[in-house]
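Contents: one structure, followed by commentary.
Read-outs: derived from the displayed coordinates by stated rules, not from any lab. Values in this document were obtained by computation on a predicted structure and should not be read as measured data.
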Amino acid sequence: MGIFDKIKNGLARTRDQLVTRMEWAVKGKPIDEDAFNEIEEALILSDAGIETTETLVNALKERWKRGQIKTTDDIKSSMIEEVGSLLIPVEASIATHKYKPFVILTLGVNGVGKTTTIAKIARTYQESGKSVLLGACDTFRAAAIEQLEEWAKRLNIDVVKHKEGSDPAAVAYDATKAARAREVDVLILDTAGRLHTKANLMEEMKKIKRVVGKEMDGAPHETLLIVDATNGQNVIAQARTFNEALNVTGIVITKLDGTAKGGFILPIAHLLKIPIRYVGVGEQFDDLIPFNAKDFSKALIE
């Protein structure tokens, strides 16, 4: 299956809900203001958010007033273009060639598939000929260290770890030092998704960033937030919180194939303007796909 087909399959539930309502709004009747109210409702139900929905619907209305929208197909093609224009600014891959080692700090609440996603990203770099090292900075749970080690074993990658309950920043420091000494291309740091309070978690992540930056100037080079698509609009709140505290430089969206709320990606692009690096549309290694704005907008509407 090609990449576009995978994205299309991953967005099936969101697209079915969105497109069915859009088609129902105009089927067998002239396109009028009421039709745009229905489209607005369809976008909000897909978790596109009020502000982003208004931006898209107003753009469609302008095209309609200019006589550019007369049929359902016109609405779809116009929507693809408008969604694409929202998403193109956040389409960007991680530029790992700029530093060696290139240090990626991963963030995300528990349950989003962080460790599995780290393994998939590591595999992607391996396939492009890069050497990878992992840092087990989630010392909060023994299971997290074991899970990372299990993935590392499958990929034949080394893991820098300390015992459960150790200082995560100390692990990050040692991992960065090891990556430099071994001349590794990419270091990926796994981190905890839950401490006793949200403030506590953010302070822990800030400390990791500071310590890594002291060991290697400019590191971490990518602060990557991993989010679960099935959380819909809650992802926006998560992304905003992490971004304000830690200056997120990229987002990975997992479990896109498990939700009808995939529209939440639109306000991430529109309001937060954080680059989207990958989308996950399944369990397999090659189901983590580099984000492509054009493919995504077509797969969402067509």
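Below are the figures for this structure:
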quantity	calculated
Residue-averaged [θ]222 nm for the chain, counting only DSSP H segments that reach four residues, each worth -39500 (n - 2.57)	-16000 deg cm²/dmol
Karplus 3J(HN,Hα) series, Hz, for the range 106-121 with 6.51 cos²θ - 1.76 cosθ + 1.60 (x for Gly, Pro)	9, 10, x, 6, 4, x, 8, x, 4, 5, 4, 5, 4, 4, 5, 5
Percent antiparallel among DSSP beta bridges (both partners in the range 62-221, rounded to 5)	0 percent
Options (i) 0.97; (ii) 1.08; (iii) 1.33 - which one matches Cα Rg over 2.2 N^0.38 Å as calculated here	(ii)
Gain upon complete extension [Ala143, Glu183; 0.36 nm per residue less C-alpha separation]	11.5 nm
Extension gain, Asp16 back to Leu271 (0.36 nm per residue minus Cα-Cα distance, nm)	89.3 nm
Cut-off under 5 Å, modelled amide H: who pairs with Ile69 long-range	Trp64
Cα-based helix-to-principal-axis angle, 12-26 vs the chain, degrees rounded to 10	20 degrees
